[in-house]
Amino acid sequence: MFIPIQPEIPKFQCNACGSCCSHIRGIIPKEDQEFIREFAFGKMPVVQLVPVERMTFPLWDWEAKRFMEWQKEANVNANIKPLRVIFDLKSNKAIVLTYFMDGETDACPFLKENKCSIYHTKRAYVCRLFPFNMGPFIGNDGMNQKESLFGECWAMEKILPQLPDNFEKMVGFLSEAFPDGSFINAVQNDIIIEWANSTIIELARKKIIKPAVNYPYEFLLKRVSNAEKIDFTDFLVESSYLSREEKEILIKKFDGNADAKEKIENFLSSR
Ligand code: SF4
Ligand code: SF4
């Protein structure tokens, strides 16, 4: 009997060339750029504070807190600033959802002699998910075009041509081809984005916040700059949406990629 031989799934191997950390300003997928330009400058509750060309990758508020500590240890000035906020008309506070590093150059301020100076730490999702831009589970009818999943990385050369078109096969392939954890990190980061969006909607629905929407952008920027700032997850505690303990548990769960592992396992076992 003829038994077809399945080609071995190639394994992604990052050689820490530092290329993806060398140009972090304005490097975001085209579809995201279009969305941000259309909706993030006053039309939606989450307002972006800098133009797309100037932004670097977003750090969740709890990640930004860690980066602020690590920059002291690494003797780096990462110039970490708020990137996206919700201006709450109820409390008059600017609730900071994400931060960004506004370094002097195009490169990540933590990149020294082509090496990440905080590689031994947890770093941020955006550091750990590369070469992915995003996972395959979000987007139109539950899946993204495979071309939009990845950023530019030479180590993808052997993997991309073998990536299946079929969605089910693709998820199985990705979970084997990325033993470095980048696939799980990409899926978890998407889950956190969904969590943040649905939490903002729920806060508004429960009248805990009243986000400023459809305000002239320059006016909004002025209000934000004069407002008291509070991190999103701290606001959840301050507003009693979460207890302090629940917040710590949530962040720990995010850090452990628990949701992504469950999502991938459930998907693979249901095939
Ligand atoms: S992910 Fe790719 S581009 Fe980034 S350091 Fe690794 S090999 Fe280089
Ligand atoms: S913190 Fe490290 S891994 Fe993350 S972008 Fe900067 S140099 Fe790269």
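The alpha carbon gyration tensor of segment 64-103 gives principal lengths a ≥ b ≥ c with a/c of 1.5 or higher and a/b greater than b/c, which makes the shape prolate. Computed on segment 19-269, with alpha-carbon pairs under 8 angstrom and 6+ residues apart, the relative contact order is 23 percent.
Here's the list of aspartates and glutamates a cross-link from LYS222 could span, going by alpha-carbon distance under 14 Å and ignoring same-chain residues fewer than 8 apart: ASP88. If you run the Gaussian network model on the chain, springs between alpha carbon atoms under 10 Å, then out of ASN114, ASN92, ASN166 the most flexible one is ASN166. Which of the pairs LYS207/LYS263; LYS115/LYS229; LYS81/LYS112; LYS43/LYS247 have their Cα atoms more than 25 Å apart in this structure? Where the Cα-Cα span goes over 25 Å, the pairs concerned are LYS207/LYS263; LYS115/LYS229; LYS43/LYS247. Of the residues GLY103, GLY256, GLY42, the one that moves most in a GNM of the chain with alpha-carbon contacts below 10 Å is GLY256.
Computed over neighbours whose Cβ is under 11 Å from that of THR233, the net charge equals -4, Lys and Arg +1, Asp and Glu -1. What aspartates and glutamates sit close enough to LYS93 to cross-link, taking a C-alpha to C-alpha distance under 15 Å and skipping anything fewer than 8 places away on the same chain? Correct list for LYS93: GLU228, ASP231, ASP234, GLU238. Protein heavy-atom surface of segment 19-269, 1.4 angstrom probe: 53% of the accessible area is carbon and sulfur, with nucleic acids and ligands not counted. D for segment 19-269, whole µm²/s, Stokes-Einstein with Kirkwood Rh over alpha-carbon pairs at 4 °C and 1.567 mPa s: what number? Answer from the Stokes-Einstein relation: 67 µm²/s. From the cross-link list LYS30/LYS210; LYS210/LYS253; LYS146/LYS169; LYS30/LYS206; LYS11/LYS169, which pairs have alpha carbons spaced over 23 Å apart? Checking Cα-Cα distances, LYS30/LYS210; LYS210/LYS253; LYS30/LYS206 exceed 23 Å. Taking every protein chain into account, the accessible area of the chain amounts to 55 square angstrom per residue (probe 1.4 Å). Counting only DSSP H runs of at least 4 residues, each contributing -39500 (n - 2.57), and dividing by the residue count of the chain, the helix-based mean residue ellipticity at 222 nm comes to -12000 deg cm²/dmol. Using only the Cα atoms of segment 14-124, build the gyration tensor, take square roots of its eigenvalues as a ≥ b ≥ c, and label the shape rounded, prolate or oblate: rounded if a/c is under 1.5, else prolate if a/b is larger than b/c, else oblate. Judged from the Cα gyration tensor, segment 14-124 comes out oblate (a/c at least 1.5, b/c at or above a/b).
The values are calculated or read from the model by the stated rules, or taken from the named source; none is laboratory data. Just so you know, these numbers come straight off a predicted model, no measurement behind them. Every residue, glycine as well, gets a Cβ built from its backbone with ideal geometry; the counts of neighbours run over all protein chains shown. Just so you know, the surface numbers come from the protein's heavy atoms only, side chains and all, with ligands and any DNA or RNA stripped out. Shrake-Rupley method; radii C 1.70, N 1.55, O 1.52, S 1.80 Å.
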